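The values are calculated or read from the model by the stated rules, or taken from the named source; none is laboratory data. What you are looking at is a predicted structure, and each value in this text was computed from that prediction instead of being measured. Don't worry about glycine lacking a Cβ; one is built from the backbone with ideal geometry, like all the others, and counts go over all protein chains shown. Calculation scope for accessible area: heavy atoms of the full protein, side chains included, ligands and nucleic acids excluded. Shrake-Rupley method; radii C 1.70, N 1.55, O 1.52, S 1.80 Å.
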Amino acid sequence: MGNDSDTAAHAISVRSLWKVYGPKPERIVDSPEANLPRKELERRFGNVVAMRDISFDVAPGEVFIVMGLSGSGKSTLVRCLTRLIEPTSGTVLIGGTDVTAADKQHLLDVRRNRVSMVFQHFGLLPHRTLIDNVAFGLEVRGNDRAQRRDKAAATLELVGLGGMGMYKPHQLSGGQQQRVGLARALATDPEILLFDEPFSALDPLIRRDMQDEVIRLRRDVNKTMVFITHDLSEALRLGDRIAIMRDGEFVQVGTPEEVVTAPADEYVANFVRDVPRSHVVPVDHVMIDPPGHEIAYCSTVASGTKIKDIVGAMARSDLPVNVVDTGGRSVGLVDRSHVLAVIAGEK
């Protein structure tokens, strides 16, 4: 249970994490047998490698997406972070605390006070009101009734369910139930939120509303998030960085822009081939330095704005778009040729 100056600055730091199922799993870690085809490994040794040699860091306040097809290992990974599934080998540090070496009491402290998880299945307690569902983690922690109910009411307000504290879960829609699940995770004021495909069972419109909710909450409460999904559009919309998994390994880790414009291999290229580049490439990618004198422009946008969001302005005017930083200072210009180059896939 120690701190390391290199890892304490990270909200999460994972090194060489493996999960092997079957007899004597430790013998498979870092062995030549780990590279056998899955069916061959299982036939000869009775083992399955669900996750192999995963290493990554998540910065405080970052939204880190892990995506891949079913069976790629992404849900195993998120459960290993708090040892809901015991990793076979490797280390997980949360805020510098070695979770993989933690005893039962320290692990309980991490789960109760530092990390909350939101699952695909809401897991609400049907006989309890919403306010008592949201307050459940605080009850387990030992907070007094008045304190936890006040906190639960405020958290329901935060997720758009203010005034509904006395409802029961069966009175809510699926999207509302997932908001309660999100409120329950937030009520304990964790440092880190882990999402395991939380919206995949929801209808598309409700799903988008919940994505909007995550974006808003990220802005308002600035939590570190690890988000598991198999939906590329969701990953591109929510993530600061995206890790694409295949067969228990990370194939590529990068920003949405990097993953779409510079896929690491054919597998990633096939994943992202239908994504319009203008939806992920920011204006910063193609802007030129502003001139040292006054110049006419058709509109002003913030640094980080996606190309798709300036297409309308470009279509209506021959003038460039002015890009400004958070202080309102001009940092670049984008003209029509730059936009067309992105849309054509040349930039």
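Numbers at a glance
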{"read-out": "The stretch 1-113 shape via C-alpha gyration tensor axes, a/c threshold 1.5", "value": "prolate"}
{"read-out": "Theoretical ellipticity at 222 nm over the chain - DSSP helices of four or more residues, -39500 (n - 2.57) apiece, nearest 500", "value": "-9000 deg cm²/dmol"}
{"read-out": "Heavy-atom surface of the stretch 58-125, accessible at 1.4 Å and reported per residue (Å²)", "value": "39"}
{"read-out": "Of 104/168; 151/223; 104/223, pairs whose Cα-Cα distance is over 22 Å", "value": "104/168; 104/223"}
{"read-out": "Peptides ranked, highest mean first, by Cβ atoms within 10 Å: ranges 243-255, 36-48", "value": "243-255, 36-48"}
{"read-out": "Within straight-line cross-link reach of residue 306, lysines at Cα separation under 17 Å, skipping those fewer than 8 residues along the same chain", "value": "347"}
{"read-out": "For residue 331, residues with placed amide H under 5 Å, excluding near neighbours", "value": "323, 324, 325"}
{"read-out": "Reachable lysines, given that their alpha-carbon falls under 18 Å from the alpha-carbon of residue 39 and they are not under 8 places away in the same chain", "value": "19, 24"}
{"read-out": "Apportionment of accessible area to carbon and sulfur, the chain, percent (1.4 Å)", "value": "49"}
{"read-out": "Approximate spin-label separation residue 157-residue 55, in nm, with each point projected 7 Å along Cα-to-Cβ", "value": "4.7"}
{"read-out": "Length gained when the stretch residue 311-residue 30 is fully extended (0.36 nm per residue, less Cα-Cα span)", "value": "96.2 nm"}
{"read-out": "Rounded accessible area per residue of the stretch 148-287, 1.4 Å, Å²", "value": "42"}
{"read-out": "Estimated inter-spin distance, residue 150 and residue 230, nm [label 7 Å along Cα→Cβ]", "value": "4.5"}
{"read-out": "Estimated inter-spin distance, residue 215 and residue 298, nm [label 7 Å along Cα→Cβ]", "value": "2.3"}
{"read-out": "DSSP H segments from the chain that extend 18 Å or more along their own axis, Cα-based, with Kyte-Doolittle mean of 1.6 or above", "value": "none"}
{"read-out": "Dipole magnitude (debye, nearest 20) for the chain, charges at Cβ of Lys, Arg, Asp, Glu", "value": "1180"}
{"read-out": "Relative contact order for the stretch 191-347, counting Cα pairs under 8 Å that sit 6 or more residues apart, in percent", "value": "15"}
{"read-out": "Matching label, semi-axes √(5λ) of the Cα gyration tensor in Å computed from the structure shown, candidates (i) 37, 30, 19; (ii) 41, 23, 18; (iii) 30, 24, 19", "value": "(i)"}
{"read-out": "FRET efficiency, residue 266 to residue 139 (Cβ-Cβ, R0 35 Å, nearest 0.05)", "value": "0.10"}
{"read-out": "Sequence-distant residues sharing a close amide H with residue 228 (under 5 Å, placed H)", "value": "66, 195, 196, 197"}
